[in-house]
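K.L.:
Quick one: this structure, given as structure tokens, is what I'll be asking you about.
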Amino acid sequence: MSTAELKEKLIDTIRKTDDAGLLEEMAHLLELQEQDTVYIMNDDQISLVNEAEQQIKDGKYLTNEESDKDTDEWLNK
């Protein structure tokens, strides 16, 4: 299926559906939702973010592979 055909198929699907949940998910996937979202954090959240940033700077973190290995080990016990 060519890119043009795929676009047309998606557009057709969007036009035909009345499923709000599906449309919201599509919008999210396509990043059509507002890009300038501002998150307001309380002091505790800011402190936790700062702590996490410091841990990263100090090398106190797991790589994705290390995390996956730990999770696999934990699940297999």
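K.L.:
Net charge around Val49, counting only other residues with Cβ within less than 14 Å of its Cβ (Lys, Arg = +1; Asp, Glu = -1)?
P.N.:
Details: positive: Lys57; negative: Asp43, Asp44, Glu51, Glu53.
Charge balance near Val49 sits at -3.
K.L.:
Sorted from largest down, give the three principal axis spans of the alpha carbons of the chain, whole angstrom values.
P.N.:
50, 38, 24
K.L.:
Also: Lys and Arg at +1, Asp and Glu at -1: add these up for the other residues within a Cβ distance under 14 Å of Lys60 and post the number.
P.N.:
Working: positive: Lys57; negative: Glu51, Glu53, Asp58, Glu66.
That works out to -3.
K.L.:
Need the full-extension length gain, Lys16 to Asp70, defined as separation in residues times 0.36 nm minus the C-alpha distance. One decimal, nm.
P.N.:
Working: separation 54, 0.36 × 54 = 19.44 nm, distance 4.50 nm.
Separation in residues times 0.36 nm, less the Cα-Cα distance, equals 14.9 nm.
Each value in this text was obtained by applying a stated rule to the coordinates, not by laboratory testing. A quick note: this is a predicted structure, and the numbers were derived from the prediction, not measured. Positions of Cβ are backbone-derived with ideal geometry, glycine not excepted, and every protein chain shown enters the neighbour counts.
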